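Down below is the structure, laid out as structure tokens.
The values are calculated or read from the model by the stated rules, or taken from the named source; none is laboratory data. The model shown is predicted, which means the values in this text are computed figures rather than measured ones. Virtual Cβ from ideal backbone geometry, glycine too; neighbours counted across all protein chains shown.
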């Protein structure tokens, strides 16, 4: 048998107008935890739902799992609406934040549990359990109990237990948040490799944006119960469609600028009386009037005012300088407000000290335009 | 609000096993807790024609024969509560905060009164301080010692109930964050000052809690006042005498009500007011093991005090052991097996009945406790809070009140169950389940909910998840619930004294009648045999529960506690 078997029953997931209301904690009103969410996850795809705590990502996942029932809307797995089906009949599996291993069962029995519940023939249970253990490199510790193995191994047991039943969709609820930083990076790469190899449709909830970047085919950004943007990690980072997304995914500076005119993808803008061209302004750019320029810290460069040139867009003074080795980080006060600047490989260029007067250059290739804040597309 | 109710109803309908369990538990709670209490209340406020009338109640309340026992019971409860709490605090402080020898011995001594049969301390009291008492007559030569009365009751109840105070206060003292005391020390306070200004104030909720718990126990105690109170009348005993001696059901119900009100108030205060006031700091951070004082000026006085209390307890229990083997206490101290022969012949059937009924009720109480804990902690359904409250209520309702309620509720159609084994088993099951509920609840609260969700999403139904995942993890709690239920069923007096019949007489009631006819050494032998039965039964239960859950270290949910 091949590894492909694990994806035998994999199917797509479609959320249509999914909404969940909770009674608020003081009992007086209602909280809209998930607000009219529409999303399609294709077969074999790994989609991450990313957002700050309380954004509704976990509630969305738990509704798909069946632990919460939606107030309205549909959840399609394949073509079947499962919104009213209890969780044990949905054919999904889930990797929990706490792993939720059964402490009184051996690792072997933990993995075999889902198959035993299905009352499969004994030899099939043995075969499939052994295959899953083997895949996760757990065979040697099959007879031990979860408390007797390391955190990374517990994580793999949870994964083995989830994939052995050949779920139609695999759900992940912040599965790496209990691991230390090094192991977390290692496990997320392992997890992604495995998911790609097995081709299981996966939905992954996290609040860690670098984790989302590293493992996802597509990322869904949620805030206050609503989806703010869906796209590949690159689309989300390079073409954020709102200040919230730009700010949440990585770091960003926001400059208030004036749009003078547009031409195809590019826009002509005014910063402090000087005119510049933004070649790829993005899809939600305004065509004229005030706008917000999204500038990543790595798109800014400091230069000495000694070799002053005309087209220096901004001037300022270094407020704070932090040296990380691979990066030098500056906080510079300018007439357009404070700016965060990150210079990679700092030893290759000049380093500025706190109190230095500097010019700030912008790499216009990688900046985008957004509508001004009050008209920001929510 | 409506939205959530509708959703939880929908939940219930989708899970027929859950629906069935919820209905079953509610029917049980209604029949065996609410209905009897309601009957007592209804009976107290109706006149002989069955009409609503407060006149009879009011007349009785004005009479001395009702106010006197109420006053006595309260006085006894408060006195015992204070004394037991003081001794419990000394014991708890010595065992948690002081580095002294023989801790294991002291801990064992403090648990003996909890699992011992009733009457034993009163019997010792009579053996030691009665008219033919070893100390009063033989040692001091007092001819007309009067052992009966409040003074003896206070001694006996304090020894019986100080373990409750000790356990409560151990919990409080061992959970106080030692860093708080270290901080005071660091700020320059002396040890005595730290105790006075930090440790003691922080343990106030524990102290009040243990006082209230002992107060409840003292108020509802039937067995000790029944044999040693003399003319000092208490509510639990007077209610019994009013009903069985004077055939006055209404008077008895009214006394039951008088008994119920203070115990219920104490229970509610303890559970809802004090539990919110606890200063116990649970940080999840591992606290450095308690600094134990090695100061000899503290260690040796506390050691002497603990030793003194322990020796008194040993003296009391030892006296009964000796008493079971002597011909006539105080007159002829020669050795005899006669009392044990008596127990094995005439006393055998009640003893067998006690064991059979206790064994029958134990699994019901244990399972009921686990199921209620599981439903209350893990499931959403209408009436969840009511279920929690009613099932814990039996903790506060005195056995006498339950007994009277049962004869009022089950002496008539459609529930003519009085005198049957069934009613006795149900009485035991519903009275003894709260410890299982408490243990189960606290275990479940520590177990990550997602462990059960993991089972569900892997395809298991609610029933399978409960049987294969929740129940094995509740093994420890289940066991303590079983042991407690069994011991309580074996040693129950106050409830069953109203419910026994010639067919179903019980060991404790037989002991009670031996007291009435002053056959003290027979009673002693009976008590010793009961203790042996209880020890054997605990051993067997332990074995059974061990076999029930397949091995494995009793780990708690992988890394779940880190979450």
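Couple of notes before you dig in:
The rows are residues; the columns are (1) surrounded by fewer than 19 Cβ atoms within 10 Å (Cβ to Cβ); (2) within 14 Å of chain B (Cβ to nearest Cβ).
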position: A:55; (1), (2): no, no
position: A:64; (1), (2): no, yes
position: A:72; (1), (2): yes, yes
position: A:77; (1), (2): no, yes
position: A:93; (1), (2): no, yes
position: A:96; (1), (2): no, yes
position: A:123; (1), (2): yes, no
position: A:136; (1), (2): no, no
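- Members of the range B:458-514 found to be in a loop (DSSP other than H, G, I, E, B), over 20 Å from residue B:364 (Cβ atoms) and within 11 Å of chain A (Cβ to nearest Cβ), listed by number: B:458, B:459, B:460, B:461
- Among the residues of the range B:228-259, the ones that are closer than 20 Å to residue B:410 by Cα and within 21 Å of the chain's Cα centre (by Cα) come to 4 in all.
- Residue B:261 passes every criterion in (1) surrounded by 23 or more Cβ atoms within 10 Å (Cβ to Cβ); (2) at pLDDT 90 or above; (3) closer than 22 Å to residue B:35 by Cβ apart from (1).
- Every residue from the range A:138-154 that is part of a helix (DSSP H, G or I) and facing chain B (nearest Cβ under 9 Å): A:146, A:147, A:148, A:151, A:154
- Some residue of the range A:188-205 being part of a loop (DSSP other than H, G, I, E, B), touching a helix residue (DSSP H, G or I) at 6+ places or on another chain (Cβ under 9 Å) and within 12 Å of chain B (Cβ to nearest Cβ): no
- Look at the range A:159-186: where a residue is without any contact (Cβ under 8 Å) to a residue 40 or more places away in the chain and a partner is not in a helix (DSSP H, G or I), sitting 6+ places away or on another chain with Cβ atoms under 7 Å, you get A:184/A:176.
- For the residues B:183, B:145, the requirement of being touching a helix residue (DSSP H, G or I) at 6+ places or on another chain (Cβ under 7 Å) and either modelled with pLDDT under 95 or assigned to a helix (DSSP H, G or I) (or both) singles out B:145.
- Among residues of the range A:103-121, those that are surrounded by fewer than 19 Cβ atoms within 10 Å (Cβ to Cβ) and more than 11 Å from chain B (Cβ to nearest Cβ), counted: 1
- Residue within the range A:159-169 that is assigned to a helix (DSSP H, G or I), at the interface with chain B (Cβ under 9 Å from one of its Cβ atoms) and within 32 Å of the chain's Cα centre (by Cα) present: yes
- Residues in the range B:515-563 that are away from chain A (no Cβ under 14 Å), surrounded by fewer than 16 Cβ atoms within 10 Å (Cβ to Cβ) and either at pLDDT 80 or above or in contact with a helix residue (DSSP H, G or I) (Cβ under 8 Å, 6 or more places away or on another chain) (or both): B:516, B:517, B:518, B:532, B:535, B:536, B:539, B:540, B:542, B:543.
- Hits in the range B:433-457 - residues which are surrounded by 20 or more Cβ atoms within 10 Å (Cβ to Cβ) and within 11 Å of chain A (Cβ to nearest Cβ): B:447, B:448, B:450, B:451, B:452, B:453, B:454, B:455, B:456, B:457
- All conditions but one from (1) at pLDDT 90 or above; (2) over 19 Å from residue A:171 (Cβ atoms) apply to residue A:31; the one that does not is (1).
- Residue check, residue A:246 at pLDDT below 90 and either part of a strand (DSSP E or B) or buried (at least 16 other Cβ atoms within 10 Å of the Cβ) (or both): no
- Filtered by the rule that a residue be touching a helix residue (DSSP H, G or I) at 6+ places or on another chain (Cβ under 8 Å), without any contact (Cβ under 8 Å) to a residue 40 or more places away in the chain and in a helix (DSSP H, G or I), the range A:59-104 gives A:87, A:88.
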